[in-house]
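Peer 1: Below is a structure I'd like to ask you about.
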Amino acid sequence: MNCVAASVSTAFVDNDDNDEDGDNGDDKCSATARTRDGAAMAAIPATLAPGQTVKPCPLRAPLVVTVVGLPCRGKSLAAHKVARHLSWRGESAKVFTVNENATNETLSEISLFFKEGNNVAIIDGMHLTRASRQTVAAFCCEAVFHHLLIEFTCNDRCLQENVADTVQFYRNLDQNIDWERRFRESNDHHAPQFEPCSALEGPLITVNNSEDSMYHSVTARGVRGAIQTDILGVLASPVIRQQTFYFSRHGESEYNVLGRIGGDADLSSRGMKYADRLARQLGGPGSAPDCPRPKVIWTSELRRTIHTVQNIPGPRAAIKDLNEINAGICEGLTYEEIQERFPQEFAWRDQDKFKYRYPHGESYLDLLQRVDSVVQALLTNTDVLVVSHQAVLRCIMAYFKGVKPDDVPYINVPLHTLLIVRSYGYDFVVETVPLKVECVDTYRIQPKNCSTSRTTADALTTVPAHFDAPLTQQMSTIS
């Protein structure tokens, strides 16, 4: 994968003469390769002058994303959605907000950001002219960074909705400003300056924004590599401005009472009491007339989640991707039994809980990949109730809370508690509502000592274990 050419029809090359940059397209910059694998990219000239060389981008070179579009086209919501998704999946992404165009100060901040080991910078501005985008493209070529343009447009109806929603948000912050007039004047002022992106400017994603999936559309040219493809996938779904989600673990199960993990145990008596209490909160028997009522209910395929929502009205689906983490050979065991039978496995899990994979089972890393489709489906909906399991909900809540992958196994998702997630601007706010039904506490803090000689009490406060140990070595501790 090569660095993109800057915003001219002729690809840029390095020149040893150290000429000053000009307007003739001879800027120092790395050129992009000719069309490969069906991706249309700027072509390298057929012949290179003496001393001119092509500087390809390394495969894992940092990526700069330039956001393009007039005001109130949904740019900022989408930019933050992309950054949140990439960070959740283990990339180091950040949104750099600018008023109109990236400045030299912005580009210096991005350079420092990349030197600190991060790899995706999203410049959230307007960048309406080719010259403004040329500045970023030339910076990327000189520094040997990948560059991706994302241009946002929308129809008149979507624009009116975006303006109304943006006005309402800022009016809550300051009621002394006529925000509607300000945004409309800004749009009228900038519209004549807009120069749409061309295919010659480099890899490009064009988004015609709408909350209605029938009108929302995305096109792409020259998009290459895993991260750019991931961004394309995120942008393919509409951004819903106002969203509310409800999350809960199943009621206390018989295995919870016994301290056993996994399995398909049913609810305990206290778990059934919680199911009744949850139904009263969400439109079931005994609920108040003004209580929230989910439009759809998603559970795992296991009995304890299905029985938790049995008295809550609404269409429902049992989804395999919401099943609890597969504990493999440890299914149905207590932590004491795991430590006694498989001490090395227990220690490995404490050393790296996020990457540790149970023999014949799953890791949190596997689980994060599994629930990706669930999260993406949630983001195209609102008023969804999800009842699942501790590890699964940790992975999902990590998205909304902005938690890094290594910290996912230590998110506290208690039993008998309703979590309400609401969108707020670019972010999400999580409200915790304990329903006050007694239950066991299954949360275990991260241990400080991860040796195999820990006591059982210490062991129950686990951290991750070894993911890369050969299967034969793992199985030797099991036999």
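Peer 1: Give the peptides 195-202, 362-369 in descending order of average Cβ contacts within 10 Å, highest first.
Peer 2: Values: 195-202: 18.4, 362-369: 20.6.
Final packing ranking: 362-369, 195-202.
Peer 1: Sorted by packing (mean other beta-carbon atoms within 10 Å per residue), highest first, where do 375-384, 342-351 land? Write out the running numbers ahead of the final one.
Peer 2: On the way: 375-384: 16.8, 342-351: 21.7.
Result, highest mean first: 342-351, 375-384.
Peer 1: I've got another one for you. Tell me the per residue accessible area of segment 310-397 using a 1.4 Å probe; a whole number in Å² is fine. Could you put the intermediate results ahead of the total?
Peer 2: Values: 3020 Å² over 88 residues.
Per-residue accessible area for segment 310-397 comes out at 34 Å².
Peer 1: Within segment 63-236, what whole-number % of the accessible surface is contributed by carbon and sulfur, with the 1.4 Å probe and all protein chains included in the calculation? The partial results should precede the final answer.
Peer 2: Details: 3700 of 7810 Å².
Its accessible area is 47 percent carbon and sulfur atoms.
Peer 1: Report, in whole Å, the centroid distance computed from the Cα atoms of segment 277-313 and segment 365-403.
Peer 2: 18 Å
Peer 1: Please compute the modelled spin-label separation between residue 404 and residue 129, points set 7 Å along Cα→Cβ, answer in nm with one decimal.
Peer 2: For the pair residue 129/residue 404, the computed spacing is 4.0 nm.
Peer 1: What spacing in nm lies between the two simple spin-label points modelled at residue 215 and residue 177, each 7 Å away from Cα in the Cβ direction?
Peer 2: About 2.7 nm, to one decimal.
Peer 1: Are any of the pairs 81/404; 320/355; 94/448; 75/401; 355/404 more than 24 Å apart by Cα-Cα distance, and if so, which?
Peer 2: Numbers: 81/404 15 Å; 320/355 21 Å; 94/448 31 Å; 75/401 21 Å; 355/404 13 Å.
Going by Cα-Cα distance, 94/448 fall outside the 24 Å limit.
Peer 1: Further, regarding this structure: Pull out the extension gain between residue 191 and residue 369, defined as 0.36 nm times the separation in residues minus the alpha carbon to alpha carbon distance; nm, one decimal. Write down the numbers at each step before the final one.
Peer 2: Values: separation 178, 0.36 × 178 = 64.08 nm, distance 4.10 nm.
Taking 0.36 nm per residue and subtracting the Cα distance, the gain is 60.0 nm.
Peer 1: Roughly speaking, to the nearest percent, how much of segment 244-468's 1.4 Å accessible area is carbon and sulfur? Provide the component values of the computation, followed by the final result.
Peer 2: Details: 4660 of 9480 Å².
Carbon plus sulfur share of accessible area: 49 percent.
Peer 1: At a probe size of 1.4 Å, how large is the accessible area of residue 341, to the nearest 10 Å²?
Peer 2: Using a 1.4 Å probe on the heavy atoms, I get roughly 130 Å².
Peer 1: Determine Rg/Rh for segment 244-468; Rg is computed over alpha-carbon atoms and Rh is the Kirkwood hydrodynamic estimate from the same atoms.
Peer 2: Details: Rg = 17.3 Å, Rh = 17.8 Å.
Rg/Rh: 0.97.
Peer 1: Now, a different point. Quick check for me: using +1 on Lys/Arg Cβ and -1 on Asp/Glu Cβ, what's the dipole size of segment 244-468 about its Cα centre, in debye to the nearest 20? Please list the in-between numbers first.
Peer 2: On the way: 26 positive and 28 negative charges, 110 e Å.
Its charge dipole is roughly 520 debye.
Peer 1: Does segment 311-421 come out rounded, prolate or oblate, given a ≥ b ≥ c as the square roots of the eigenvalues of its C-alpha gyration tensor, rounded meaning a/c under 1.5 and, failing that, prolate meaning a/b above b/c? Show your work: numbers first, answer last.
Peer 2: On the way: a/c = 2.14, a/b = 1.77, b/c = 1.21.
It comes out prolate by the Cα gyration axes.
Peer 1: Charges on Cβ only, +1 for Lys and Arg, -1 for Asp and Glu, centred on the Cα centroid of segment 68-187; of 86, 97, 166, which one is farthest towards the dipole's positive end?
Peer 2: Of 86, 97, 166, it is 86.
Peer 1: Please give the contour-minus-distance gain from residue 112 to residue 303: 0.36 nm per residue of separation, less the Cα-Cα distance, rounded to one decimal in nm.
Peer 2: Details: separation 191, 0.36 × 191 = 68.76 nm, distance 5.09 nm.
Roughly 63.7 nm would be gained on extension.
Peer 1: Suppose we take every Cα in segment 181-292 and form the convex hull; what volume per residue is that in Å³? All intermediate terms of the calculation are to be shown ahead of the outcome.
Peer 2: Values: hull volume 25.7 nm³, N = 112.
Roughly 230 Å³ of hull volume per residue.
Peer 1: Let me ask something else. At residue 169 and residue 430, where each label point lies 7 Å from the Cα along Cα→Cβ, what is the point-to-point distance in nanometres?
Peer 2: 2.1 nm
Peer 1: Mind ordering 70-82, 235-247 by average Cβ neighbours within 10 Å, highest first?
Peer 2: Values: 70-82: 22.5, 235-247: 18.5.
Result, highest mean first: 70-82, 235-247.
Peer 1: With every protein chain present, what is the per residue accessible area of segment 62-212 (1.4 Å probe, Å²)? Kindly include the intermediate steps, with their values, before the conclusion.
Peer 2: Numbers: 6550 Å² over 151 residues.
Accessible surface, normalised per residue, equals 43 Å².
Peer 1: Nothing charged except the Cβ atoms of Lys and Arg (+1) and of Asp and Glu (-1): what's the magnitude of the dipole of segment 63-236 about its Cα centre? Round to the nearest 20 debye.
Peer 2: Working: 16 positive and 21 negative charges, 75 e Å.
The dipole of segment 63-236 has a size of about 360 debye.
The values are calculated or read from the model by the stated rules, or taken from the named source; none is laboratory data. Computed from a predicted model, the values in this text were never measured in an experiment. We place every Cβ from the backbone using ideal geometry, glycine too, and count neighbours over all the protein chains shown. When the accessible area is computed, the model is the full protein with side chains, heavy atoms only, and any ligands, DNA or RNA have been set aside. Shrake-Rupley method; radii C 1.70, N 1.55, O 1.52, S 1.80 Å.
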